[in-house]
């Protein structure tokens, strides 16, 4: 499946949540905690190809997701994505290890899922701030963003891994001074 999405930095989750509900968006899942781990081979071949293999724990459920290379787009993050639920996470981690994959990056988020028509909406709080994420057809994303008072200039194509890595590197170099 091809995933098309954007992130928009928001001042806070409560106000944005209220605005979305007033617009008629429906809550799919209220706020919950997520733990995400990226896996790669020791030579970093997935990262070097801008691909990702993510293990996500959301409540009592676990998912493995493969994300392909980003496609060229000025405003949107577009990439191939395949996801499947994992029934036995302990054994699945052993499988990853036996295949030569190792955990290379970890991050956590507080997340809420909503929907507006064909657009999947997430409200996220991470160590790099609060974000609204819109996923769907480009025209639907733009239309919903405009209803919320945002334009393409507000769209962020970076993923959380890129933003968090940059923040951690900056924090690390600041503390080294």
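The values are calculated or read from the model by the stated rules, or taken from the named source; none is laboratory data. Because the structure is a prediction, the values reported are computed rather than measured. We place every Cβ from the backbone using ideal geometry, glycine too, and count neighbours over all the protein chains shown.
Tabulated data for the structure shown
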| item | result |
| --- | --- |
| Residues that are touching a residue at least 24 places away in the same chain (Cβ under 8 Å) and either within 12 Å of residue 63 (Cα to Cα) or part of a strand (DSSP E or B) (or both), drawn from the range 88-99 | 89, 92, 93 |
| Residue identified as part of a strand (DSSP E or B), within 14 Å of residue 36 (Cα to Cα) and at pLDDT 95 or above among 133, 125 | 125 |
| Test: residue in the range 57-75 that is more than 21 Å from residue 141 (Cα to Cα), surrounded by 11 or more Cβ atoms within 10 Å (Cβ to Cβ), in contact (Cβ under 8 Å) with a residue 40 or more places away in the chain and under 16 Å from the mean Cα position of the chain (by Cα) | yes |
| All positions within the range 76-87 that are surrounded by fewer than 14 Cβ atoms within 10 Å (Cβ to Cβ), under 24 Å from residue 133 (Cβ atoms) and free of Cβ contacts under 8 Å to residues at least 60 places away in the same chain | 83, 84, 85 |
| Residues that are surrounded by fewer than 19 Cβ atoms within 10 Å (Cβ to Cβ) and not in a helix (DSSP H, G or I), drawn from the range 136-147 | 137 |
| Residue in the range 84-104 that is in contact with a helix residue (DSSP H, G or I) (Cβ under 6 Å, 6 or more places away or on another chain), more than 30 Å from residue 19 (Cα to Cα) and at pLDDT 95 or above present | yes |
| Exclusive hit being within 16 Å of the chain's Cα centre (by Cα), loosely packed, with under 14 Cβ neighbours inside 10 Å and under 24 Å from residue 27 (Cα atoms), set 127, 133, 106 | 127 |
